[in-house]
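Readers should treat all values here as calculations from the given coordinates under stated rules, not as data from a laboratory. Keep in mind that this is a model prediction, so the values were computed, not measured. Here the Cβ positions follow ideal geometry from the backbone for every residue, glycine too, while neighbour counts run over all protein chains shown.
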Amino acid sequence: MNKGDHVLNALLLGIGIGVLLDPSLSVDTLSTIGMVTIPVVVGALFPDVDTAFGTHRQTLHNALVLSGFVLFPVFYGNLYYVWIGIATHFVLDLLGTQAGIAVLYPYDGMFDVPVGVNVDSNLATLVTVLVTGVELVAVAGLIRYGYGDLLRAPALWDVLVGVLP
Ligand SMILES: [Zn+2]
């Protein structure tokens, strides 16, 4: 997707996650929205830095980059929620390009899904909003079933440690 749609997706996703995490609709909800939305927007903008450095839709559009941002909070205790922006950027690029992204970079094969719209299509923004809705339903499910902490990422580690023998 283009930059505007990535930002729209990240803003709606951040606000939605903030409300889902703190549905009290109080000042605390506003604080939670800020805490989540800013890192998600930063994460959603980051992959396209490879338009300037490296090869676009390859160097920073892959599982290594996503894994780095999932694990970073575990080791350093900051950059929470940035991974969500990275992940949603990849989802939108898979649905909004013809070429796909290099998920397994440095292996240079490009991966794509058989459905989607052209980034320049009039439908791109509609698809972006629909994808955001699906993502928020998934987030609501995680929170509903007690896995809301996964969204911060470090808890992912706790869960893995908890289920491993
Ligand atoms: Zn991209």
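Note on the stretch 85-148: Kirkwood hydrodynamic radius from all Cα pairs is 13.0 Å, rounded to one decimal. In the stretch 32-100, Cα pairs under 8 Å separated by at least six residues give a relative contact order of 41 percent.
Residues of the stretch 1-40 with amide nitrogen under 11 Å from the 7 Å Cα-to-Cβ point of Tyr147? Nothing falls inside the zone, counting backbone N under 11 Å. Counting only Cα atoms, the size of the chain along its three principal axes is 40, 40, 27 Å, in decreasing order.
Under the definition of Cα pairs under 8 Å and six or more residues apart, what whole-number percent is the relative contact order of the chain? Value for the chain: 25 percent. Arranged from fewest to most other beta-carbon atoms within 10 Å of their beta carbon, Arg152, Arg144, Arg57 become Arg144, Arg152, Arg57.
Taking the number of Cβ atoms within 10 Å of each Cβ as an exposure proxy, the fewest-first ranking of Ser67, Ser24 is Ser24, Ser67.
Between Leu11 and Ala99, the contour length at 0.36 nm per residue exceeds the Cα-Cα span by 29.1 nm.
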